[in-house]
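This report refers to the structure that appears directly beneath it.
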Amino acid sequence: MLLRLDPAAEEPLFAQLVAQLRLAIAQGELRDGQRLPAARELAESLEVNIHTVLRAYQELRDDGLIELRRGRGAVVAIAAGRDYGPLLKAIDAVVREARALGLSPQATTALLKEAFRT
């Protein structure tokens, strides 16, 4: 799994990390029970502060996607192993339609966020 952070992006580094790990879990790249890199190790490899990684791990824990275990570190939660196949297909359809309409990714995301509020 390759993680990349863009320090120049508007999105905070921890949020970029959360998004990439969520996607890896949803796509099955990270599986139930799989250990994530130690926070210090991941921070060093990404050249970020350890607190950036810890904040990302805490958010994923709060969402129920990972468990933080003393002595074992961060582990993908069993509940994270849901079948996201139908959702990923629906997202592909939304992306195709948004492109056909000439909508930007930001506009499409805003529409999705609004749909969650209602």
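The values are calculated or read from the model by the stated rules, or taken from the named source; none is laboratory data. Note that the structure is a prediction, hence the values are computed from the model and not measured. Cβ placement follows ideal geometry from the backbone for every residue including glycine, while neighbour counts extend to all protein chains displayed. Accessible surface is based on the protein model in full, side chains and every heavy atom, while ligands, DNA and RNA are left aside. Shrake-Rupley method; radii C 1.70, N 1.55, O 1.52, S 1.80 Å.
Structure data summary
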| read-out | value |
| --- | --- |
| Paramagnetic reach from R99 in the range 3-29 [backbone N under 19 Å; point 7 Å along Cα→Cβ] | none |
| Test item: Cα-centred dipole of the chain, Lys/Arg +1 and Asp/Glu -1 on Cβ, debye | 300 debye |
| Cα centroid separation - the range 99-118 against the range 1-69, whole Å | 25 Å |
| Highest-fluctuation residue, I91, I66, I25 considered, GNM on the chain with Cα pairs under 10 Å | I91 |
| FRET efficiency estimate (nearest 0.05) - Cβ-Cβ, Q106 to R61, R0 30 angstrom | 0.60 |
| Summed residue charge, Cβ within 15 Å of E59's Cβ, Lys/Arg positive, Asp/Glu negative | -1 |
| Carbon + sulfur, % of accessible area of the chain - ligands and nucleic acids excluded, 1.4 Å | 53 percent |
| Volume per residue that the Cα convex hull of the range 61-111 spans, once the total is divided by residue count, Å³ | 100 Å³ |
| Extended-chain gain in nm, criterion 0.36 nm per residue less alpha-carbon gap, L2 and A90 | 29.2 nm |
| Sorted peptide list for 13-22, 109-118, 44-53, criterion being average Cβ within 10 angstrom, highest first | 13-22, 44-53, 109-118 |
| FRET efficiency, 1/(1 + (r/R0)^6) with R0 35 Å, evaluated for S45 and A115 via beta carbons | 0.45 |
| Scattering curve values for the chain, log₁₀ I(q)/I(0), Debye with Cα scatterers, q = 0.12, 0.20 Å⁻¹ | -0.51, -1.18 |
| Charge dipole (the chain, unit charges on Cβ, about Cα centre) - positive-most of V94, G73, A9 | G73 |
| Computed over the chain: relative contact order in percent, which uses C-alpha pairs under 8 Å that are six or more apart | 24 percent |
